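Inspection log for the structure reproduced underneath, given as structure tokens.
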Amino acid sequence: MTGTIVVGVDGNERAERAAETAARLAAATGAALHVVCAYSREQSAEVEAGGERLTVSVSEESADIAARTAARLAGLVGAGGAVTSAAVQARPADALLAEAERLDATLVVVGNRRMQGIARVLGSVPAAVAHHAQCDVYIVNTA
């Protein structure tokens, strides 16, 4: 498999496990890896730290989460694999689907969080991606 693998992260440990699986798949198949962090809406706040006023924004924090994860995963993918990242303003499933379509991805990797119980009936990111993706979907057991 060549092409692009898309994976979503949000800074939690379970998403990181799915991202590591995506990186190993990219390394094994020669695919590029694209790390996505979704955020629902732009918000910012000013905080004071060490006598300095800093502006913190959701979009910048999301971009930072994706970039840090991509940098860490680059070591797993290896020197030959491209690793990119993006922050996307959308619900998580919609962000993954949009990026997969934009990049003509061959695979979307998601964790199985919220795939049990009532959440499976009401909907979850993995279920939405699996039902609507135009490419293959790999659901990682992150429990």
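The values are calculated or read from the model by the stated rules, or taken from the named source; none is laboratory data. These numbers come from a predicted model, not from an experiment. So basically every Cβ, Gly included, is an ideal-geometry build from the backbone, and we count neighbours across all protein chains shown.
Things worth noting here:
- Complete set of residues in region 21-49 that are surrounded by 14 or more Cβ atoms within 10 Å (Cβ to Cβ) and part of a strand (DSSP E or B): A32, L33, H34, V35, V36, C37, A38, Y39
- Some residue of region 63-83 being part of a strand (DSSP E or B), on the phi < 0 side of the Ramachandran plot, touching a strand residue (DSSP E or B) at 6+ places or on another chain (Cβ under 6 Å) and not aliphatic (A, V, I, L, M): no
- Members of region 10-28 found to be under 12 Å from L107 (Cβ atoms) and among the polar types (S, T, N, Q), listed by number: T21
- Hey, V108 under 24 Å from T2 (Cα atoms), surrounded by 22 or more Cβ atoms within 10 Å (Cβ to Cβ) and at pLDDT 95 or above or not: yes
- For region 18-59, a tally of residues being among the acidic types (D, E) and in contact with a strand residue (DSSP E or B) (Cβ under 8 Å, 6 or more places away or on another chain) returns 3.
- Scanning region 50-59 for residues that are among the aliphatic types (A, V, I, L, M) and assigned to a loop (DSSP other than H, G, I, E, B) turns up nothing.
- In region 75-102, the residues that are under 16 Å from G30 (Cα atoms) and either surrounded by fewer than 22 Cβ atoms within 10 Å (Cβ to Cβ) or modelled with pLDDT of 95 or more (or both): G75, L76, G78, A79, G80, G81, A82, V83, T84
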